[in-house]
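Working notes for the structure below.
The values are calculated or read from the model by the stated rules, or taken from the named source; none is laboratory data. Values in this document were obtained by computation on a predicted structure and should not be read as measured data. Here the Cβ is made from the backbone with ideal geometry for all residues, glycine too, and neighbour counts use every protein chain on show.
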Amino acid sequence: ARIRHYKWEVKYEYKSPDCYKKLAITINGRSPGPTILAQEGDTVIVEVKNSLMLENLAIHWHGIRQIGTPGMDGTEGVTQCPVLPGDTFKYEFKVDRPGTYLYHAHYGMQREAGLYGSIRVSPADGKTEPFAYDYDRSIILNDWYHKSTYEQATGLSSIPFVWVGEPQSLLIQGRGKFNCSSAPSGPGVCNASNPECSPYVMTIIPGKTYRLRVSSLTALSALSFQIEGHNMTVVEADGHYVEPFVVDNLFMYSGETYSVLIKADQDPSRNYWMTTNVVSREPNTTDGLAIFNYYPNHPRRSPPTTPPAGPMWNDPTARLAQSQAIKARQGSISTPPETSNRTIVFLNTQNRVNGYTRWAVNNVSFTLPHTPYLVAEKYNLRHVYNQSPPPTGYDFEKYNIYDVPANTNASLSDGIYRLEFNTTVDIILQNAVSMGGTTSETHPWHLHGHDFWVLGYGTGKFDINEDPKKYNLVNPIMKNTVPVHPYGWTALRFKADNPGVWLFHCHIESHFHMGMGVVFEEGIEKVGNLPSSIMGCGESKGLGNP
Ligand code: C2O
Ligand code: CU
């Protein structure tokens, strides 16, 4: 095993990823940032200098379980204090499994300002992957807003509430196209011929097979991704091998990663479109475009066709069907325990708290404490957050998920769920109608520090007596991010076997900001010495051995 050492400088720079010039957060001048390349068993060291000048920072390694290193999870308020402007923080962790992972900011809503990138881990020497390909590529899909994260976060936390709205453009590997004629005028604000916003080009050699690692780190949007004239064979999801299945389009939710195999077997005398479009919300954003370039055609030559439109935005059945199609690959199945020790039901609702619009789980809207939980737990500073545990269910006999309740008020809390170490926990995510009374949104839930088995999805209200009988205990896929579909439920199982404190939250940036998350503690007594670099804020001043 090797050490992979990276030195990053994070700062604000003017960028025009979709032709519209605005401040973006870059790593060493780039957004998306550099791809971390490592091999199973390697240690990754990233020294991050915060040169944002006026802003704190924290970086999360999404999909890396941080076994034995809970303090390196990079979750501000949960596992560490923020990194102050001018400071350098050293992240150090092991990548213990091959697969496709991500990294991104985990402080405020910074992720959507451009601080994100991919992590690609290859199998250890002597291990092979259960599928063959000639070349390996990665792209990240994202949505892009022209307002600053300050304006957005402030609007979400105001009375009256100001919603962030639909994104201005969709980016494929950091490139999109905003229609400059609809931009506010001003010299150089939007420049359609800026080379920074020329479409991303993936050049391929006819006849070859490509492994394309596609991830989504959208702030809001659920997406569909497709390549004109080519189908895709899904072989990996969130670092786990998938029983291969073929799709024309891939639905992707923020925080998910997939590998697909694509054979360059179409007419090689032309180029093709790669497109991404919004689903699950009525789109008000033009589709993202990139060029699938058959060598030796000119990479900038537009395909002779109109870009494929992608699937209908308002067809939840197709999305549910794709979620259900994902199964663990024969030969790479990790079987879940037959039963669980505990079931926690999480009802997802939109609520009001003192007139503010919030999201809540079982009527509790999450807030972060000022002292990170991990440090507070380890040093017995229990008074720094609410000691009463949040509810582990709701009145599912009476509750109607299709109706907005008469009283939409919820409460705020930073209380946490304590899981007994090494027990098996089932989580049921239950969706419901939003406060407007007409729609139910898609929420991608992401668990830090673990992978979970996806036991099933369903529509309507989860039936605690009948639905568990339909769980897939034979070949469920393991993931770290999973959607709960409109008016539906998703059932997960995981082992609470990673000592630490871990966030579980909706990966939609504004939903988490509005309280859509919970925190689990397990085996805190087994956590070893914590690095003093994660301390220093709130009541964690002066703790640790410097
Ligand atoms: Cu990728 Cu807590 O998130
Ligand atoms: Cu959400």
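Against the numbered list (1) more than 13 Å from ligand 1 (Cβ to nearest atom); (2) closer than 16 Å to Thr69 by Cα; (3) crowded, with 19+ Cβ neighbours inside 10 Å, Leu503 comes up short only at (1).
Among the conditions (1) in contact with a strand residue (DSSP E or B) (Cβ under 8 Å, 6 or more places away or on another chain); (2) over 28 Å from Thr35 (Cβ atoms), the only one that Tyr150 does not satisfy is (1). The number of residues in the range 82-106 that are over 12 Å from Gly33 (Cβ atoms), in contact with a His (Cβ under 9 Å, 6 or more places away or on another chain) and not charged (D, E, K, R) comes to 3.
Scanning the range 430-440 turns up at least one residue that is surrounded by 20 or more Cβ atoms within 10 Å (Cβ to Cβ), more than 20 Å from the chain's Cα centre (by Cα) and under 25 Å from Ala325 (Cα atoms). The residues of the range 51-74 that are closer than 22 Å to Lys11 by Cβ and part of a loop (DSSP other than H, G, I, E, B), listed by number, are Ser51, Leu52, Met53, Leu54, Glu55, Asn56, Ala58, Gly74. Looking across Pro372, Pro389, one residue alone is at pLDDT below 95, more than 20 Å from the chain's Cα centre (by Cα) and over 30 Å from Gly288 (Cβ atoms). It is Pro389.
The condition of being within 25 Å of the chain's Cα centre (by Cα), on the phi < 0 side of the Ramachandran plot and of a type in the set (D, E, K, R) holds for only one of Arg281, Arg300, Arg342, that being Arg281.
Of all the criteria given as (1) surrounded by 20 or more Cβ atoms within 10 Å (Cβ to Cβ); (2) away from ligand 2 (no atom under 16 Å from the Cβ); (3) not in a loop (DSSP other than H, G, I, E, B), the one not satisfied by Leu530 is (3). In the set (1) within 23 Å of Trp144 (Cα to Cα); (2) buried (at least 24 other Cβ atoms within 10 Å of the Cβ), the condition left unmet by Val78 is number (1). Of the residues making up the range 481-512, those that are more than 16 Å from ligand 2 (Cβ to nearest atom) and either assigned to a loop (DSSP other than H, G, I, E, B) or assigned by TED's automatic domain parsing to the domain that holds Met72 (or both) number 4. If you go through the range 456-470 and keep only what is surrounded by 18 or more Cβ atoms within 10 Å (Cβ to Cβ) and either in contact with a helix residue (DSSP H, G or I) (Cβ under 8 Å, 6 or more places away or on another chain) or not assigned by TED's automatic domain parsing to the domain that holds Leu419 (or both), you end up with Gly456, Tyr457, Gly458. The C-beta contact set for the range 89-110 (first residue within 17 Å of Glu47 (Cβ to Cβ), second residue within 16 Å of ligand 2 (Cβ to nearest atom), distance under 6 angstrom, 6+ apart or interchain) comprises Ala105/Arg111.
When residues in the range 459-480 are screened for being of a type in the set (S, T, N, Q) and either within 12 Å of ligand 2 (Cβ to nearest atom) or without any contact (Cβ under 8 Å) to a residue 24 or more places away in the chain (or both), 1 of them pass.
Residue by residue, here is whether (1) assigned to a strand (DSSP E or B); (2) surrounded by fewer than 14 Cβ atoms within 10 Å (Cβ to Cβ); (3) assigned by TED's automatic domain parsing to the domain that holds Val260 holds:
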| site | (1), (2), (3) |
| --- | --- |
| Asn142 | yes, no, yes |
| Ser158 | no, yes, yes |
| Pro167 | no, no, yes |
| Ser215 | yes, no, yes |
| Val234 | yes, no, yes |
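State which residue is farthest from the chain's Cα centre (by Cα) when the search covers only the range 308-328 and only residues that are buried (at least 18 other Cβ atoms within 10 Å of the Cβ) and within 28 Å of Ser269 (Cβ to Cβ). Checking each candidate, the answer is Pro308. Taken over the range 425-437, the criterion of being away from ligand 1 (no atom under 16 Å from the Cβ) and either more than 11 Å from Pro486 (Cβ to Cβ) or touching a strand residue (DSSP E or B) at 6+ places or on another chain (Cβ under 7 Å) (or both) is satisfied by Val425, Asp426, Ile428, Gln430, Asn431, Ala432, Ser434, Met435, Gly436, Gly437. On inspection, Ala113 fails the criterion of being more than 16 Å from ligand 2 (Cβ to nearest atom) and more than 25 Å from Ile508 (Cα to Cα). Taking the criterion of being part of a strand (DSSP E or B) and within 16 Å of ligand 1 (Cβ to nearest atom), the residues of the range 441-480 that qualify are His443, Pro444, Trp445, His446, Leu447, Phe452, Lys479. Condition first: surrounded by 15 or more Cβ atoms within 10 Å (Cβ to Cβ), within 22 Å of the chain's Cα centre (by Cα) and basic (Lys, Arg). Can you find one or more residues in the range 265-277 that meet it? No, the range 265-277 contains no residue that is surrounded by 15 or more Cβ atoms within 10 Å (Cβ to Cβ), within 22 Å of the chain's Cα centre (by Cα) and basic (Lys, Arg).
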